[in-house]
């Protein structure tokens with residue numbers, strides 16, 4: 001469409017340095033877009049600091065908060081963003097419904113032209129049941145945000161420690177030193193591939209990367225950007241806990257993964 005796009009990298013924990021964003025801004029930069037939290041390793045980005053840099057130059061900032069809303073505070077004024085997107089199913093709302101927050105005073109080209117539905121942004125009759133479902137999910141998430149976040153964090157750490165206590169240094173926890181989402185655990189198993197491992201534990205729901213690309217055998221772009229070796233990236237799986245996950249399920253998951261990993265290490 002005639003626009004140039006600049007990409008910034010991240011450190012080995014998956015965190016973007018605001019100074020790197022500032023370095024690529026040009027006099028004609030119109031928009032910066034950075035996810036609030038990564039969907040594979042759970043890294044939380046310094047969005048507010050980036051917003052300060054952008055707004056000092058009159059540049060709009062968009063963040064994809066699909067992974068963070070419902071898990072950690074993600075209020076638009078707290079983040080100081082101009083645009084923010086939400087995916088309903090990520091916070092127990094219906095699949096197929098989302099939100100685009102647009103700060104007052106910003107004019108966007110409509111997604112679909114025609115009638116004036118959704119403030120003129122998208123023509124077509126609104127899906128009222130899904131909208132109501134997402135609204136209720138957001139309300140429920142808001143009521144227990146701190147409590148559920150603390151609980152998921154403890155479960156995530158229980159799963160992480162359960163794996164580390166047996167496998168030890170042959171298990172690598174990605175983004176362990178960064179601020180992470182409370183529910184997300186990305187781990188690399190030495191000597192195996194994630195597909196091999198998960199094929200041996202069919203009762204466990206997990207993925208080898210983001211859910212959007214869980215059926216592929218390629219090295220994750222996220223892990224590659226973090227400098228993770230190809231062998232470790234191919235041996236990585238992403239595990240998530242949720243509102244209804246129990247300690248027993250976490251312990252069972254750790255046991256299944258350890259057993260599968262040990263069997264794959266055994267000589268044929």
Exercise for the section: Could you work out how far helix 145-167 tilts from the main Cα principal axis of the chain, as a 0 to 90 degree angle to the nearest 10? Expected result: 30
Problem - Of all DSSP beta bridges in region 18-143, antiparallel share, percent nearest 5 - result: 45
Problem - Burial ranking of peptide ranges 17-25, 122-130, 221-229 (average Cβ count within 10 Å, highest at the top) - result: 221-229, 17-25, 122-130
Fill in the blank from the handout: Length gained if residue 140 through residue 109 is fully extended, taking 0.36 nm per residue and subtracting the Cα-Cα distance, is 7.9 nm
Fill in the blank from the handout: Dividing the mean separation of Cα pairs under 8 Å (6+ apart) by the residue count of region 146-265 yields a relative contact order in percent of 35
Handout entry: Rounded to 5, the percent of DSSP beta bridges in the chain classed as antiparallel
Key = 70
Exercise for the section: Would you mind calculating the relative contact order of the chain from Cα pairs under 8 angstrom and at least 6 residues apart, reporting the percent as a whole number? Expected result: 19
Problem - Highest to lowest packing among 140-147, 247-254, scored as the average C-beta count within 10 Å - result: 247-254, 140-147
Exercise for the section: Determine which residues of region 95-109 fall in the zone a paramagnetic label at residue 130 would reach in this model, i.e. backbone nitrogen under 19 Å from the point 7 Å along Cα→Cβ. Expected result: 95-102
Problem - region 145-174 and region 1-63: distance between their alpha carbon centers, rounded to Å - result: 29
Handout entry: FRET efficiency for residue 121 and residue 158, using Cβ-Cβ distance with R0 set to 51 Å, rounded to 0.05
Key = 0.75
Completion exercise
Computed, not fitted: 222 nm per-residue ellipticity of the chain from DSSP H runs ≥ 4 (each -39500 (n - 2.57)), nearest 500, equal to -10500 deg cm²/dmol
Fill in the blank from the handout: Contact order relative to length for region 1-60, counting C-alpha pairs under 8 Å separated by 6 or more residues, stands in percent at 34
Exercise for the section: Would you look at the GNM of the chain, springs on alpha carbons closer than 10 Å, and say which of 29, 193, 107 moves the most? Expected result: 107
Practice task
For each of 69, 41, count neighbouring Cβ atoms within 10 Å of the residue's Cβ, then give the residues from fewest to most.
Solution key: 69, 41
Completion exercise
Checking 119, 12, 183 against a Gaussian network model of the chain (alpha-carbon springs below 10 Å), the top fluctuating residue turns out to be 119
Handout entry: Label selected from (i) 0.94; (ii) 1.09; (iii) 1.00, the criterion being Rg/Rh (Cα atoms, Kirkwood Rh) as computed here
Key = (iii)
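Where a number appears in this text, it was derived from the coordinates with a stated rule and is not lab data. None of these values were measured; they are calculated from a predicted model. Note: ideal-geometry Cβ built from the backbone for every residue, glycine included; neighbour counts use all protein chains shown.
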